[in-house]
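See below for the structure under consideration.
The values are calculated or read from the model by the stated rules, or taken from the named source; none is laboratory data. Because the structure is predicted, anything quoted here is derived from the model rather than measured. Cβ sites come from the backbone with ideal geometry, for glycine too, and all protein chains shown count toward neighbours.
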Amino acid sequence: MKISQQSLFKPFRKIANMGGGQAVILLYHRVIDLKPDPQELCVSPQHFREQLLFLKENYYLISAEEFADHLKNKRRFRPKSVLITFDDGYFDNFLYALPLLEESEAQAVFYITTSKLNTDEELWWDDLERIFIDRRSKPAALTLHVDGAKRRYDVRAESVLWKLYYELQNELRFSSPDKIDNVVDQLRKWSATPQKGRPSHRMLSYEELKKMAGSSSAVIGCHTHRHPALGMLPAGQQHQEIQQSKEILEDLLGKTISHFSYPFGARKFLGDKRYYNHDTIRIARELNFDMVCANYFGQVHRRSNRYVLPRMPVRDWGVDVFKEKMKEFFKG
């Protein structure tokens, strides 16, 4: 029987929670009404507003500065402390999420992937979606050259397209950025999909990001340049990916970037598939980040390792579901 990582680590969380003072970090990606949403990255503006109101009334929305200070100085968190974060840097973070945060006098940390900023291109998983899932007609046969091998697929059935979409997504998330670019380029040519992306899936423009950085409701962090699973890369390439995104944002915004989150970031530590590893954590320390977020179930305490902080992904939940999820997030 397969045991989830959430269940595997439950006894350790219970022990840590016995001292009280636990906090929770929420992970969002997008605030927009968008269908289809196969990765469940989108929360509607209405649901986000409802979630913020519920949090304001029932939890303590802590700032990034205060959160980091608790960790650095090992100070106990105020009960029911919640930090809001966003990954990737989609345009709707500025257009929809930020005004709702300002309306609620709340703050979020926005971790930005820099390679597609100020362009009309999409991130690679969104490219996969529009290649495989849209309704445009496609050739019945697909041939891919991957890692020196030729792969052939009969893709006449829609179910096969969906299956291949998920299979390639799972494979590419553990691949190098160069391999991802090569496979996506082949798929674009096969499907006659333009490199120019959909306006609904673009990343932030430079001007939007600058305006966002000027708001007290937004703290900007980095999220690598090309969004790879860092644990699959040599240490030198990991350092380059993290430092490049940090430097781009610092040059653009004229301020030090002191927050970082691992792409994907789930707690993968068994076998040869890793979202981050000891090298990644060492590099984050060397680059002097105040705190670094991962993406696995858990609560944060004053003695938590501030370079591998757990986060809870939030989906497009109405307030009744969100209320129950928040209870679960604070349990051991």
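For residues that are part of a helix (DSSP H, G or I) and acidic (D, E), scanning just the stretch 250-283, find the one that is modelled with the lowest pLDDT. Here the answer is D279.
Being among the polar types (S, T, N, Q) and over 23 Å from the mean Cα position of the chain (by Cα) is true for just one of T143, T114, T119. Which residue is that? Answer to the selection: T143.
Each row is one residue, and each column tells you yes or no for (1) at pLDDT 95 or above; (2) under 17 Å from R202 (Cα atoms).
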{"residue": "Q5", "(1), (2)": "no, no"}
{"residue": "F9", "(1), (2)": "no, no"}
{"residue": "K14", "(1), (2)": "no, no"}
{"residue": "A23", "(1), (2)": "yes, no"}
{"residue": "L26", "(1), (2)": "yes, no"}
{"residue": "D37", "(1), (2)": "no, yes"}
{"residue": "L41", "(1), (2)": "yes, yes"}
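Only one entry in E158, E207 is modelled with pLDDT under 95 and of a type in the set (D, E), namely E158. Of the helices (runs of 4 or more DSSP H) entirely within the stretch 143-244, those holding at least 3 residues that are within 26 Å of P36 (Cα to Cα) occupy 158-172, 177-191. Of all the listed residues (F264, F174), the sole one being aromatic (F, W, Y) and in the same structural domain as S115 (by TED's automatic domain parsing) is F264.
Every condition in (1) charged (D, E, K, R); (2) part of a helix (DSSP H, G or I); (3) in contact (Cβ under 8 Å) with a residue 24 or more places away in the chain is met by R136 except one, and the failing one is (2). The requirement of being part of a helix (DSSP H, G or I) and touching a helix residue (DSSP H, G or I) at 6+ places or on another chain (Cβ under 9 Å) is not satisfied by E247. The set of residues in the stretch 293-332 being in a helix (DSSP H, G or I), touching a residue at least 40 places away in the same chain (Cβ under 8 Å) and in contact with a strand residue (DSSP E or B) (Cβ under 9 Å, 6 or more places away or on another chain) consists of M326, F329, F330. Pairs linking a residue in the stretch 101-127 that is more than 18 Å from Q169 (Cα to Cα) and at pLDDT below 95 to a residue that is of a type outside the set (D, E) and not in a helix (DSSP H, G or I), with Cβ atoms under 7 Å and 6 or more positions apart or on different chains, do not occur.
Please report, ordered by residue number, the strands (runs of 3 or more DSSP E) entirely within the stretch 20-133 with at least 1 residues that are on the phi > 0 side of the Ramachandran plot and charged (D, E, K, R).
In the stretch 20-133, 81-88 are the strands (runs of 3 or more DSSP E) which contain 1 or more residues that are on the phi > 0 side of the Ramachandran plot and charged (D, E, K, R).
Of the residues making up the stretch 274-304, just one is under 16 Å from E66 (Cα atoms) and among the polar types (S, T, N, Q), namely S304. Contact map, the stretch 35-60: first residue touching a residue at least 60 places away in the same chain (Cβ under 8 Å), second residue among the aromatic types (F, W, Y) and assigned to a helix (DSSP H, G or I), Cβ cut-off under 6 Å, separation 6 or more or different chains; pairs are Q51/F322.
Restricting the stretch 297-321 to residues that are surrounded by fewer than 19 Cβ atoms within 10 Å (Cβ to Cβ) and under 13 Å from the mean Cα position of the chain (by Cα) leaves a set whose member that is farthest from K72 (Cα to Cα) is R315. So for the stretch 65-84 (the condition being touching a helix residue (DSSP H, G or I) at 6+ places or on another chain (Cβ under 9 Å) and either assigned by TED's automatic domain parsing to the domain that holds P177 or among the acidic types (D, E) (or both)), does at least one residue qualify? Checking the stretch 65-84: not a single residue is touching a helix residue (DSSP H, G or I) at 6+ places or on another chain (Cβ under 9 Å) and either assigned by TED's automatic domain parsing to the domain that holds P177 or among the acidic types (D, E) (or both).
Among the residues of the stretch 101-133, the ones that are surrounded by fewer than 20 Cβ atoms within 10 Å (Cβ to Cβ) and farther than 29 Å from L187 by Cβ come to 5 in all.
Scan the stretch 212-232 residue by residue and report those that are in contact with a helix residue (DSSP H, G or I) (Cβ under 7 Å, 6 or more places away or on another chain) and not polar (S, T, N, Q). Selection gives M212, A213, A218, V219, I220, C222, H223, H225, R226, P228, L230, G231.
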